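Only one structure is covered here, and it is reproduced in the block below.
The values are calculated or read from the model by the stated rules, or taken from the named source; none is laboratory data. Note that the coordinates shown come from a computational prediction; the quantities given were computed from them, not determined experimentally. Glycine gets a Cβ as well: all are built from the backbone with ideal geometry, and neighbour counts include every protein chain shown.
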């Protein structure tokens with residue numbers, strides 16, 4: 001369970017948000033909305049410990065995430081703006097190596113299956129540098145398919161640069177994950193209806 | 001008092017340039033630092049007042 | 001990093017007037033000590049039988065060298081506190097100390113050269129202490145330029161703190177490796193370590209001058225930390241209400 | 001939850017970086033070629049007097065190796081920072097300092113090790129005898145990993161900063177001095193038949209100290225840099 005107590009974020013001289021409280025139980029969808037520059041990405045980065053808050057704390061099962069370190073990070077999956085792919089490596093290599101580092105052992109068959117789910121089966125031997133932005137995003141999303149065991153998903157604009165079919169696929173995956181007791185925090189501009197046991201809308205910069 | 005005269009004091013046993021050179025360097029450095037800081041201080045206050053006036057007028 | 005928030009207690013706003021009140025006192029005390037120290041170094045200290053009058057340069061060279069070393073360690077200390085407990089004021093102290101420390105190093109190098117010229121006929125002597133002093137100057141410059149290169153003050157403080165700590169750990173290592181290197185190549189003859197046998201008044205003079213340097217450094221750092229506070233809290237309300245003479 | 005061990009993750013990081021280095025051999029070659037050119041410049045500058053070159057040889061080779069290591073540092077984290085893999089490293093359940101150690105090891109394999117292999121050939125240019133060349137290899141083998149580890153701290157601190165190259169040099173070169181002194185000193189000591197065991201043991205001590213301390217400092221610097 002991830003809980004935030006009066007979180008505050010300051011960038012340069014501007015305070016983006018403060019006094020933010022929420023608690024994510026299994027099955028909770030945290031939908032973060034707000035105009036550009038309202039601190040959506042900063043909030044998500046704070047939630048996974050990449051950014052230390054100006055004030056307030058974030059707890060994973062009542063232990064501050066800074067202290068819960070390895071235990072917290074082994075329950076977390078973060079998908080940022082950057083896809084985290086090496087241009088020189090092909091999609092399958094990228095997938096397996098990055099998941100391995102994240103703590104999820106994946107064999108070749110599983111990687112191919114995930115890429116197949118992402119509709120990139122026939123391109124899996126191509127270096128990622130030669131793929132389009134949308135295809136690279138789908139390789140990154142294939143990581144979600146293989147990280148079902150991770151309860152907490154933090155996704156920054158997962159649907160950008162995706163075609164309709166990919167958005168549909170990804171949405172279904174998120175819904176299944178939530179139904180299975182997972183927790184998802186995401187930001188998105190597109191209005192993608194996601195049904196979840198409980199939905200926590202967060203409006204930033206209002 | 002181990003100096004016969006002022007000129008002996010200045011001459012400093014033939015090492016005048018070096019001894020007075022060192023003291024001069026030190027004093028100049030300290031002076032520059034202190035003056036620089038007060039200028040910086042005034043600049044910040046002045047710049048703040050400028051914003052302040054704009055904000056309040 | 002443990003996140004104990006001490007900044008409520010040592011907030012820059014409460015420190016600003018305090019520093020303003022203390023600085024003049026330290027300045028006056030520094031002047032008094034310097035006056036007395038100079039009196040000793042020129043009128044009480046005897047002429048050195050080996051070096052004649054030139055040795056009087058040690059009354060600035062040695063205090064400056066000591067100060068350059070101490071100020072670096074104190075700077076690293078403040079930086080570490082700021083890094084560990086996220087106290088902005090400690091990081092501001094570290095940033096305020098660096099230029100004065102660098103200046104002390106610069107003075108130590110210059111007076112070392114001005115002393116070396118009459119004694120050994122060369123402006124620069126690859127003596128272990130002078131060489132370490134030069135490297136210390138690079139460490140100061142590294143701290144200051146890294147801090148200046150980063151726009152966000154918080155990241156600048158924390159990054160500069162890391163290099164200050166790493167530098168502080170390396171200062172003794174650098175000193176001993178330069179000392180080893182110096183004895184290997186030069187032999188001890190040329191080194192400044194052979195300070196003339198110290199008559200008590202000479203030691204006393206150096207001690208008083210060191211205290212004067214200490215007080216001066218404290219006064220200047222307090223003044224500079226006020227500037228840093230003002231620059232960082234420019235938009236804070238309490239800065240806006242300050243009078244013109246604050 | 002987490003079924004890959006620390007050693008697995010470290011070997012994965014090393015394997016990934018080596019695989020990339022193989023596919024982009026140019027990077028490996030550039031620092032190596034810089035090393036060769038830099039060393040060859042000195043005789044052109046100083047003249048070809050064999051006695052002079054023999055005395056200067058160790059110092060020249062060591063300074064050039066040090067500069068080559070430093071130049072290659074910018075690459076250490078920059079590409080990972082740009083494509084987002086650095087965030088994955090930071091968010092891995094394994095301790096970041098160990099992953100940084102692995103990354104630095106991979107970086108050393110692609111830059112430090114080639115220098116060590118080429119150095120004796122360049123040493124011949126300076127007329128070093130076989131025993132001096134042996135000690136040159138030993139000192140570089142012990143010294144270059146320390147240079148990569150210390151350099152890692154500078155690379156992490158200057159991540160994404162304008163003018164990072166020169167700033168990286170300013171931060172890192174003063175910290176390189178002890179390694180340079182004992183590295184070059186070891187070769188000179190053998191040339192003067194004084195024996196280099198003392199120098200090599202100190203280089204070893206510096207290496208061990210750096211292995212323990214540098215990854216922790218680099219990890220801290222990385223967390224600060226990607227905030």
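Being within 16 Å of residue C:155 (Cα to Cα) and surrounded by 24 or more Cβ atoms within 10 Å (Cβ to Cβ) is the requirement here; does residue C:92 meet it? Yes: the conditions hold for residue C:92. Of the residues making up the stretch C:207-230, those that are away from chain B (no Cβ under 11 Å) and closer than 25 Å to residue B:37 by Cα are C:210, C:211, C:214, C:215, C:218.
Just one residue in the set B:2, B:49 is under 20 Å from residue C:60 (Cβ atoms), modelled with pLDDT under 80 and out of contact with any strand residue (DSSP E or B) (no Cβ under 9 Å at 6 or more places or on another chain); that residue is B:2. For residue C:117, the conditions (1) more than 8 Å from every other protein chain (Cβ to nearest Cβ); (2) surrounded by fewer than 24 Cβ atoms within 10 Å (Cβ to Cβ); (3) farther than 30 Å from residue C:227 by Cβ are fulfilled apart from (1). Only one of the numbered conditions (1) in a helix (DSSP H, G or I); (2) more than 7 Å from chain D (Cβ to nearest Cβ) is not met by residue A:49, and that is (1). Of the residues making up the stretch A:196-205, those that are modelled with pLDDT of 80 or more and not in a strand (DSSP E or B) are A:196, A:197. Taking the stretch A:87-111 as the range and being under 24 Å from residue A:182 (Cβ atoms), touching a residue at least 40 places away in the same chain (Cβ under 8 Å) and part of a helix (DSSP H, G or I) as the test, the residues that pass are A:94, A:95, A:98, A:99, A:102. Examine the stretch C:128-145 for a residue that is without any contact (Cβ under 8 Å) to a residue 60 or more places away in the chain and more than 25 Å from residue C:180 (Cβ to Cβ), and state whether such a residue exists. Yes, the stretch C:128-145 contains a residue that is without any contact (Cβ under 8 Å) to a residue 60 or more places away in the chain and more than 25 Å from residue C:180 (Cβ to Cβ). Please go through the stretch D:1-20 and give me each residue that is buried (at least 18 other Cβ atoms within 10 Å of the Cβ), in a helix (DSSP H, G or I) and facing chain A (nearest Cβ under 9 Å), ordered by number. If the condition is that a residue be buried (at least 18 other Cβ atoms within 10 Å of the Cβ), in a helix (DSSP H, G or I) and facing chain A (nearest Cβ under 9 Å), then D:9, D:12, D:13, D:16, D:20 are the ones that fit.
Residues being more than 9 Å from chain D (Cβ to nearest Cβ) and either within 21 Å of residue D:3 (Cα to Cα) or assigned to a helix (DSSP H, G or I) (or both): count how many of those fall in the stretch A:62-81. Adding up the residues that qualify gives 5. From the list A:84, A:119, the lone residue that is on the phi > 0 side of the Ramachandran plot and either within 13 Å of chain D (Cβ to nearest Cβ) or in a strand (DSSP E or B) (or both) is A:84.
Out of C:101, C:112, C:82, one residue alone is modelled with pLDDT of 90 or more, within 13 Å of the chain's Cα centre (by Cα) and farther than 17 Å from residue C:19 by Cα. It is C:101. Anything in the stretch A:178-204 that is over 16 Å from residue A:47 (Cβ atoms), touching a helix residue (DSSP H, G or I) at 6+ places or on another chain (Cβ under 8 Å) and buried (at least 19 other Cβ atoms within 10 Å of the Cβ)? List them, or say none. A:196, the sole residue that qualifies. Scanning the stretch C:148-166 for residues that are more than 9 Å from chain D (Cβ to nearest Cβ) and within 12 Å of residue D:170 (Cβ to Cβ) yields a single hit, C:148. Residues of the stretch C:42-66 that are modelled with pLDDT under 85 and more than 8 Å from chain B (Cβ to nearest Cβ): C:44, C:45, C:48, C:49, C:50, C:51, C:55. Taking the stretch D:146-164 as the range and being in a helix (DSSP H, G or I) and surrounded by fewer than 24 Cβ atoms within 10 Å (Cβ to Cβ) as the test, only D:164 passes. Would you mind stating whether residue C:178 is closer than 30 Å to residue C:228 by Cα and under 22 Å from the mean Cα position of the chain (by Cα)? So residue C:178 does not fit the description; no.
For the stretch A:10-21, the criterion of being under 30 Å from residue D:13 (Cβ atoms), over 19 Å from the mean Cα position of the chain (by Cα), without any contact (Cβ under 8 Å) to a residue 40 or more places away in the chain and surrounded by fewer than 16 Cβ atoms within 10 Å (Cβ to Cβ) is satisfied by no residue at all. Evaluated against (1) within 14 Å of another protein chain (Cβ to nearest Cβ); (2) over 21 Å from residue D:34 (Cβ atoms); (3) over 14 Å from the mean Cα position of the chain (by Cα); (4) surrounded by 19 or more Cβ atoms within 10 Å (Cβ to Cβ), residue D:167 falls short on exactly one condition, (2). Applying the criterion of at least 3 residues that are more than 9 Å from chain A (Cβ to nearest Cβ) to the helices (runs of 4 or more DSSP H) found wholly in the stretch D:22-101 leaves D:25-46, D:50-83.
Of the residues making up the stretch D:175-189, none is under 30 Å from residue D:224 (Cβ atoms) and surrounded by fewer than 19 Cβ atoms within 10 Å (Cβ to Cβ).
Give me a count of the residues in the stretch C:167-206 that are at pLDDT below 75 and more than 10 Å from chain D (Cβ to nearest Cβ). Spell out the reasoning first.
To start, the set of residues in the stretch C:167-206 that are at pLDDT below 75 comprises C:184-199.
If we keep only those that are more than 10 Å from chain D (Cβ to nearest Cβ) too, we end up with C:186-199.
Final tally of qualifying residues: 14.
Can you pull out the residues in the stretch C:102-122 that are within 24 Å of residue D:173 (Cα to Cα) and free of Cβ contacts under 8 Å to residues at least 60 places away in the same chain? Hits for the stretch C:102-122 are C:102, C:103, C:105, C:106, C:107, C:108, C:109, C:110, C:113.
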